[in-house]
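Take a look at the structure set out below.
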């Protein structure tokens, strides 16, 4: 697949998940946000206005949802990797960058905060 500079992005996808290293994180769950940046050639799809020539965003969302609601992970790194690998295997995708944010992580003394991991995977 030739290099592409086209990007398709989904930002601020919100999920409730039971990911985390601490037992109470797995029991109570937490709010997570996910951003997806897919690199692919969308020139032909844009030219002829056909969804079958690009990535279907409903399928992308479903892939993210299935990983977020699937088997819990101890690490955000593992969760982001699973999502990115899933997306990178989709037809037409040249690479997938995924950012996963855990909202209000259990940090000593912190009442607000965000933990974030970003990974990029290629097929």
Just wondering, is there one or more residues in the range 94-102 that are at pLDDT below 95, out of contact with any helix residue (DSSP H, G or I) (no Cβ under 9 Å at 6 or more places or on another chain) and under 20 Å from residue 27 (Cα atoms)?
no
If I filter the range 44-67 down to residues being surrounded by 12 or more Cβ atoms within 10 Å (Cβ to Cβ) and more than 16 Å from the chain's Cα centre (by Cα), which single residue comes out as nearest to residue 97 (Cα to Cα)?
54
Scan the range 96-122 and report the pairs whose first residue is under 14 Å from residue 64 (Cβ atoms) and whose second residue is in a loop (DSSP other than H, G, I, E, B) and modelled with pLDDT under 95, with Cβ atoms within less than 9 Å and a gap of 6+ or a chain change.
96/123; 100/19
Please state which one of 105, 123 is at pLDDT below 95, surrounded by 13 or more Cβ atoms within 10 Å (Cβ to Cβ) and under 17 Å from residue 16 (Cα atoms).
105
For the range 21-52, which residues satisfy the criterion of being touching a residue at least 12 places away in the same chain (Cβ under 8 Å) and over 25 Å from residue 116 (Cβ atoms)?
41, 42, 43
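The values are calculated or read from the model by the stated rules, or taken from the named source; none is laboratory data. Source: prediction; values computed, not measured. In this analysis, Cβ positions are derived from the backbone assuming ideal geometry, glycine residues included, and neighbour counts consider all displayed protein chains.
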